[in-house]
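Visitor: Got a structure for you, questions after.
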Amino acid sequence: MNDLDILETYTNIIKEHTSLVPDIAIILGSGLNSFANMVNIDAEISYSSLPDFPTCTNKMHKGRFIIGTIENKNVIIADGRLHYYEGYTPKQVIMPVRIMKLLGAKTLVITNAAGGINENFEPGDFMVIEDQISSFVPSPLRGYNIDELGPRFPDCSNIYDTDLRNLLKECAANLNIPIKEGVYLQTQGPNYETPAEIKMYKLLGADAVGMSTSMEAICGSHCGLKICGLSCITNKAAGLSDNKLSDHEVIEIASKSANNFCRLLFDFIKKLNKTLNEELKECEEEEEFQ
């Protein structure tokens, strides 16, 4: 089977468990999986139940698709992402995104835990991703292009949708949750960066660094998804504090930030639902007028 056949096989298996067609896809980052509890679940499909599908080896990621509703909006959640550092190929890393697209998703919300490079960032801050630097990881689109999903040479000048970024910032303001905006840079991992590398990344314009997201965003952009990215800053990057970097710190800060993260993302989905319904109504009225 070719790549599209494989993706469609997984999609059809998931469809056997639910009749819901998701509008919004969400990828939950490290330590941020408590948001899954806010979903009215219709179906839960573990990655391990899909034949030969990659499994999550990071203990902070459960490795399952959750399909259900939030405020009457159909959603699909990747509760656990696949990382390049786990030994998977770039095409394996982006499989969840492509599956969620094939299931019907039109909007993709990517979340992550990240290290803060911008010296104005503190652990516990949230950052709306305005752009990304993916030069330090391979493109997930290398090799045979699936024309049915997107073009051979996709434009990446506006990966993170401006309207979605503004809506997320509006939600944060309404909830009195401080939020920053900046550029995210993905490294290969699993090792944390050296202080010298962080200095280089800062010179390149990065505000936060992590080991995910950029590949998924490129994939989502390639297949026509509107994308919004949200980072939880869990630590200052290497050389910017005296703390030794560890996944324990990531889990601790992400857990402390979980309540605000859930409030923010829930309100975002709620307002996005309203916006999408208004757009749908306008389209229907235009079609009726014509």
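The values are calculated or read from the model by the stated rules, or taken from the named source; none is laboratory data. Bear in mind that the values here come from a model prediction, so they are computed numbers and not experimental data. Note that we place each Cβ from the backbone using ideal geometry, even for glycine, and neighbour counts take in every protein chain shown. Protein only, heavy atoms only, side chains kept; ligands, DNA and RNA dropped before computing areas. Shrake-Rupley method; radii C 1.70, N 1.55, O 1.52, S 1.80 Å.
Visitor: How do the peptides 238-246, 22-30 rank, highest first, by the average count of neighbouring beta carbon atoms within 10 Å per residue? Don't skip to the answer; put the middle values down first.
Guide: Values: 238-246: 13.4, 22-30: 24.9.
Answer by packing, highest mean first, reads 22-30, 238-246.
Visitor: Greater than 20 Å separation of Cα atoms is the criterion. Which listed pairs, Lys59/Lys256; Lys169/Lys199; Lys73/Lys256, meet it? If you can, show how the numbers build up before the last one.
Guide: Working: Lys59/Lys256 18 Å; Lys169/Lys199 28 Å; Lys73/Lys256 27 Å.
Among Lys59/Lys256; Lys169/Lys199; Lys73/Lys256, the Cα-Cα distance tops 20 Å for Lys169/Lys199; Lys73/Lys256.
Visitor: Evaluate the range 132-203: find the radius of gyration of its Cα atoms, find its Kirkwood radius, and give the ratio Rg to Rh.
Guide: Numbers: Rg = 16.6 Å, Rh = 15.6 Å.
Result: Rg/Rh = 1.07.
Visitor: Net charge within 12 Å of Asn158 by Cβ-Cβ distance, Lys/Arg positive one each and Asp/Glu negative one each, not counting Asn158 itself?
Guide: Values: positive: Arg165, Lys226; negative: Glu130, Asp131, Asp155, Asp161, Asp163.
Its environment carries a net charge of -3.
Visitor: Here's something else I'd like to know. What does the C-alpha gyration tensor say about the overall shape of the range 204-262? Classify as rounded when a/c is under 1.5, otherwise prolate if a/b is larger than b/c, or oblate.
Guide: oblate
Visitor: A further question follows. How big is the shadow of the Cα convex hull of the range 1-74, averaged over all directions, in nm²?
Guide: On the way: hull surface 21.7 nm².
For the Cα atoms of the range 1-74, the hull's average projected area reads 5.4 nm².
Visitor: For the chain, what is the Kirkwood hydrodynamic radius in Å, using each pair of distinct C-alpha atoms?
Guide: Working: mean 1/r = 0.0519 Å⁻¹.
19.3 Å is the Kirkwood radius here.
Visitor: Amide H neighbours of Glu181 under 5 Å, counting only residues 5+ apart in sequence or on other chains, H built in-plane at 1.01 Å?
Guide: Val128
Visitor: Find the all-direction average of the projected area of the Cα convex hull for the range 9-128, expressing the result in square nanometres with one decimal place.
Guide: Values: hull surface 32.3 nm².
Result: a mean projected hull area of 8.1 nm².
Visitor: Can you bin the range 83-182 into rounded, prolate or oblate? Criterion: square roots of the alpha carbon gyration tensor eigenvalues sorted a ≥ b ≥ c, rounded for a/c under 1.5, prolate for a/b above b/c, oblate for the rest.
Guide: Values: a/c = 2.15, a/b = 1.59, b/c = 1.35.
Here the range 83-182 falls in the prolate category.
Visitor: If I compute solvent accessible area with a 1.4 Å probe over the protein chains, what percent of it on the range 98-212 is carbon and sulfur? Write out the running numbers ahead of the final one.
Guide: Working: 2650 of 5240 Å².
Taking all protein chains in place, the range 98-212 shows 51 percent carbon and sulfur surface.
Visitor: Gaussian network model of the chain, Cα springs within a sub-10 Å range: biggest mean-square fluctuation belongs to which of Asp131, Asp52, Asp247?
Guide: Comparing Asp131, Asp52, Asp247 in a Gaussian network model of the chain, the most mobile one is Asp52.
Visitor: Just to be sure I understand: of the beta bridges DSSP finds with both ends in the range 99-227, what percent are antiparallel, rounded to 5? If you can, show how the numbers build up before the last one.
Guide: Details: 2 of 15 bridges.
Given both bridge residues lie in the range 99-227, the antiparallel proportion sits at roughly 15 percent.
Visitor: Continuing with this model, one more query. In what order, largest first, do Thr9, Thr57 sit by accessible area if the probe radius is 1.4 Å? Write out the running numbers ahead of the final one.
Guide: Working: Thr9 55, Thr57 95 Å².
Accessible-area ranking of Thr9, Thr57, largest first: Thr57, Thr9.
Visitor: Okay, moving on. Determine the per residue accessible area of the chain with all protein chains present and a 1.4 angstrom probe, expressed in square angstrom. All intermediate terms of the calculation are to be shown ahead of the outcome.
Guide: Details: 13210 Å² over 290 residues.
Roughly 46 Å² per residue, with all protein chains present.
Visitor: Which ³J(HN,Hα) values in Hz, rounded to whole numbers, follow from the phi angles of the range 19-28 under the Karplus curve 6.51 cos²θ - 1.76 cosθ + 1.60, where θ = phi - 60° and Gly and Pro get x?
Guide: The phi angles translate into 9, 5, 9, x, 9, 10, 10, 9, 10, 8 Hz.
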